[in-house]
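Okay, structure first, notes after.
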Amino acid sequence: IKLTDSLRSDNKGGKLNGGNNCDTLNMKRNGRPWFRFTGPAGNQLLNTCPPANSCGTEAGIWSDAAMPTKIGAVANITAYGSYTGGCKQFPESVSIVRCSDSVADFVYRYNGDTGCYLGFCGMFAQ
């Protein structure tokens, strides 16, 4: 699936844009589909800690893990929900596949079990 919402690249905190995105619960309910960031959402999972209430949710999911370099191989990383208690709350398992040599051509899969309110944060990688 494509994550395209511009709120996903709003990594400054304090803006819930009228609601709380709940990716973790929705993805769990829908069989944990593979997803990618595209359009105004960015083109890659955010790699720096956002403040609470970023990305259209209470706890934005991000990761400082290295992105995979081998095309087609599945890598498993730990991503985190950033909330009022710190950057690395709510550790979550995420699978990533690099799809091409492009700097930000990845697909992701949420493997965790956390309910709401956690949503994936995007960024524009160059």
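Residues of region 73-126 that are part of a loop (DSSP other than H, G, I, E, B) and hydrophobic (A, V, I, L, M, F, W, C): 73, 99, 103, 104, 116, 121, 124, 125. Can you tell me how many residues within region 48-81 are more than 14 Å from the chain's Cα centre (by Cα), open to solvent by less than 20 Å² (accessible area, probe 1.4 Å) and at positive phi? Looking only at that region, the number is 0.
Working only within region 85-126, note down all residues that are of a type in the set (S, T, N, Q) and either surrounded by 15 or more Cβ atoms within 10 Å (Cβ to Cβ) or in contact with a strand residue (DSSP E or B) (Cβ under 9 Å, 6 or more places away or on another chain) (or both). Full working, then the answer.
Of the residues in region 85-126, the ones of a type in the set (S, T, N, Q) are 89, 93, 95, 100, 102, 111, 114, 126.
If the condition is that a residue be of a type in the set (S, T, N, Q) and either surrounded by 15 or more Cβ atoms within 10 Å (Cβ to Cβ) or in contact with a strand residue (DSSP E or B) (Cβ under 9 Å, 6 or more places away or on another chain) (or both), then 89, 93, 95, 100, 111, 114 are the ones that fit.
For the criterion of being out of contact with any helix residue (DSSP H, G or I) (no Cβ under 6 Å at 6 or more places or on another chain) and within 22 Å of residue 111 (Cβ to Cβ), residue 46 passes. Checked against the criterion of being polar (S, T, N, Q) and out of contact with any Phe, Trp or Tyr (no Cβ under 9 Å at 6 or more places or on another chain), the candidates 63, 82, 102, 95 yield just one match: 102. Taking the criterion of being open to solvent by less than 40 Å² (accessible area, probe 1.4 Å), within 11 Å of the chain's Cα centre (by Cα) and of a type in the set (S, T, N, Q), the residues of region 16-47 that qualify are 24, 44.
Sort out which residues of region 13-35 are modelled with pLDDT of 85 or more and touching a Pro at 6+ places or on another chain (Cβ under 7 Å), and write them in order of number. Write out each step before concluding.
Step one: filter region 13-35 for residues modelled with pLDDT of 85 or more, giving 21-35.
Within region 13-35, 27 is the sole residue that qualifies.
The values are calculated or read from the model by the stated rules, or taken from the named source; none is laboratory data. The model shown is predicted, which means the values in this text are computed figures rather than measured ones. Methodologically, a virtual Cβ is constructed for each residue, glycine included, from the backbone with ideal geometry; neighbour enumeration extends over all protein chains shown. Side chains are part of the model used for accessible areas, which takes the heavy atoms of the whole protein and leaves out ligands, DNA and RNA. Shrake-Rupley method; radii C 1.70, N 1.55, O 1.52, S 1.80 Å.
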